[in-house]
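Visitor: Here you go, one structure.
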């Protein structure tokens, strides 16, 4: 029996880095400590006996097992033969695989998009419009005395966010944890997060934009109508005053804003509200990123080509125009003639008409587990689980990079996401008649503890 | 559905739940995923209007498609007029493709009608996707 400490959880954007994982002498994961129920489940199902370990290829309408070489070769052929392939997903894998994916997308002239497009893509659009006053989660621990959750439900979606960073955690200027903080929740339902709040505001669905503008009016002391978005003037003024009176406030926002009518404009006005609040006090705002490395996908894409998501290489140079070059719109308009889906499950999470397009074109799916996407794929390649069977870099929701640890070896014959993408890319280059560079082994850091040190300082 | 069945119109939002979060890691081809995401939360006060018992099957229908899910009393009420399906293949049967040129589909704020679907079974995620997409194609 051995215990791996300081394990980083590969589930949500909170990237909890204090997990302990017990592994028995047969190299089976037998227990985790400190993880939430979702994180614990991710580790405990990693070695499930029914996990699919062999590549499969569609023949006669069914997915049948094949060799890895066959799957890689067929995947490369699909991408090379396509005029406009879509390479989508990338958020539940490490930055190293994302980097390899960018090179592949450029090589095949495809569109590279990550799950930001149906997550915080609108937030990115707003940030590009008005900027963002933000910070790291460490700042929240030590300083925030007013915490506003708008359209997000961390109790369900980021289960340890409140205890590790935003609400209960005791910090330098917040010695009593929750007692030193005022929690405000804005949501159309009284969620578990809302039930816990000091102030709960339940607006009419889809009217967040008006409510935030009303808060901006209230901050200035200008007259308001009797109610806005179903919220009384008195309640709006109470929230505005609470925010004004804080020493250090933070707005966490989620899909309640980005997926609702208004989309990026909702975030635009939320950031503008935050900027207004800085006339009176210190106030910041942060997106609650979902996939554990969706923030990393944006980062990698930005440093590789200048744009965070929805990047189209069809013309030989990167073009960025969400609404046109986004995976969702490309599928809705049936423009893609092939797809590579990795580290995401659009089969489950895209509107059904987009999934119909995916099912009608040659599609490669790379995922550790069986999903609705893998089951409608032309080629399915199972992969190692990053953060459990493979080390790598990921970005937390506050854009702090964290080194993820490897706790067990992947099952025999199962490749990592990066290995799969690299092998497909090399085969693509062969088919394109290009010179294939020699493989250079990536060195793992000799001392994982060196990264742990960075980690602790970052929080 | 017959002409005498009550038709209940609501505003659908989709989103995360902790059970859905657990089920998406290794359980998508199992009953656990159906239990975690194949339902609709309806405000308790509206079950009489809908004329179904909590736990029974209903058809949720929008301009973009329809799906059979179980009707469950929402623990997060009161929110009359708003219904909730966890994000997943069931919810996405009724989500449209328009992104308002942002890339983001409208996963919240979908007008749906809900009608009783006595005896109808909630399909598993993979069966549902295979049925509604006709499966994949050979490369």
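The values are calculated or read from the model by the stated rules, or taken from the named source; none is laboratory data. Predicted, not measured: the structure shown is a model, and the values here were computed from it. FYI the Cβ positions are ideal-geometry reconstructions off the backbone, even for glycines, and counts take in every protein chain you see.
Visitor: For residue B:75, which of the numbered conditions (1) assigned to a strand (DSSP E or B); (2) in contact with a helix residue (DSSP H, G or I) (Cβ under 9 Å, 6 or more places away or on another chain) fails to hold?
Guide: (1)
Visitor: Could you list all residues from the range B:86-108 that are surrounded by fewer than 17 Cβ atoms within 10 Å (Cβ to Cβ) and facing chain A (nearest Cβ under 7 Å)? Before you say what the answer is, go through the steps one by one.
Guide: First pass over the range B:86-108, keeping only residues surrounded by fewer than 17 Cβ atoms within 10 Å (Cβ to Cβ): B:98, B:100-101.
Result: B:100, B:101.
Visitor: Taking the range B:28-44 on its own, how many of its residues are in a loop (DSSP other than H, G, I, E, B), more than 7 Å from chain A (Cβ to nearest Cβ) and touching a helix residue (DSSP H, G or I) at 6+ places or on another chain (Cβ under 9 Å)? It would help to see each step written out before you state the result.
Guide: At the first step, the residues of the range B:28-44 found to be in a loop (DSSP other than H, G, I, E, B) are B:28-30, B:38, B:43.
Next, only the ones that are more than 7 Å from chain A (Cβ to nearest Cβ) stay: B:30, B:38, B:43.
Of the ones still in play, those that are also touching a helix residue (DSSP H, G or I) at 6+ places or on another chain (Cβ under 9 Å) are B:30, B:38.
Qualifying residue count for the region: 2.
Visitor: Let me ask something else about it. It is to be established whether one or more residues within the range A:354-363 are at positive phi, more than 18 Å from the chain's Cα centre (by Cα) and outside the structural domain of residue A:186 (by TED's automatic domain parsing).
Guide: Taking the range A:354-363 as the starting set, the residues that turn out to be at positive phi are none.
Scanning the range A:354-363, I find no residue that is at positive phi, more than 18 Å from the chain's Cα centre (by Cα) and outside the structural domain of residue A:186 (by TED's automatic domain parsing), so the answer is no.
Visitor: Something else: Can you list the strands (runs of 3 or more DSSP E) found entirely within the range A:2-119 that contain at least 1 residues being free of Cβ contacts under 8 Å to residues at least 12 places away in the same chain and either surrounded by fewer than 17 Cβ atoms within 10 Å (Cβ to Cβ) or in contact with a strand residue (DSSP E or B) (Cβ under 8 Å, 6 or more places away or on another chain) (or both)?
Guide: Details: elements: A:2-7, A:19-23, A:29-33, A:56-59, A:62-65, A:85-89, A:111-114.
Of the strands (runs of 3 or more DSSP E) lying wholly inside the range A:2-119, those with at least 1 residues that are free of Cβ contacts under 8 Å to residues at least 12 places away in the same chain and either surrounded by fewer than 17 Cβ atoms within 10 Å (Cβ to Cβ) or in contact with a strand residue (DSSP E or B) (Cβ under 8 Å, 6 or more places away or on another chain) (or both) span A:29-33, A:56-59, A:62-65.
Visitor: If only one of A:394, A:359 is crowded, with 21+ Cβ neighbours inside 10 Å and either within 14 Å of chain B (Cβ to nearest Cβ) or more than 23 Å from residue A:12 (Cα to Cα) (or both), which one is it? Give the derivation first.
Guide: Values: A:394 fails: either within 14 Å of chain B (Cβ to nearest Cβ) or more than 23 Å from residue A:12 (Cα to Cα) (or both).
Of A:394, A:359, the one residue that is crowded, with 21+ Cβ neighbours inside 10 Å and either within 14 Å of chain B (Cβ to nearest Cβ) or more than 23 Å from residue A:12 (Cα to Cα) (or both) is A:359.
Visitor: Next up: Name the residue, out of B:81, B:77, B:65, that is at pLDDT below 95, within 14 Å of chain A (Cβ to nearest Cβ) and surrounded by fewer than 19 Cβ atoms within 10 Å (Cβ to Cβ).
Guide: Details: B:81 fails: at pLDDT below 95; B:65 fails: at pLDDT below 95.
Checking each option against the conditions leaves just B:77.
Visitor: Suppose the filter is under 21 Å from residue B:108 (Cα atoms) and outside the structural domain of residue A:189 (by TED's automatic domain parsing); does residue A:328 pass it?
Guide: Values: under 21 Å from residue B:108 (Cα atoms): yes; outside the structural domain of residue A:189 (by TED's automatic domain parsing): yes.
Criteria met by residue A:328.
Visitor: Would you mind telling me which numbered condition in (1) under 22 Å from the mean Cα position of the chain (by Cα); (2) more than 14 Å from chain B (Cβ to nearest Cβ) residue A:325 fails?
Guide: Unmet condition: (2).
Visitor: If you check residue A:166 against the conditions, is it in contact with a strand residue (DSSP E or B) (Cβ under 7 Å, 6 or more places away or on another chain) and within 14 Å of chain B (Cβ to nearest Cβ)?
Guide: Numbers: in contact with a strand residue (DSSP E or B) (Cβ under 7 Å, 6 or more places away or on another chain): yes; within 14 Å of chain B (Cβ to nearest Cβ): no.
Answer is no for this residue.
Visitor: May I pose another question? Tally the residues that are more than 14 Å from every other protein chain (Cβ to nearest Cβ) and at positive phi, restricting the search to the range A:282-322.
Guide: Going through the range A:282-322 one residue at a time, the tally reaches 2.
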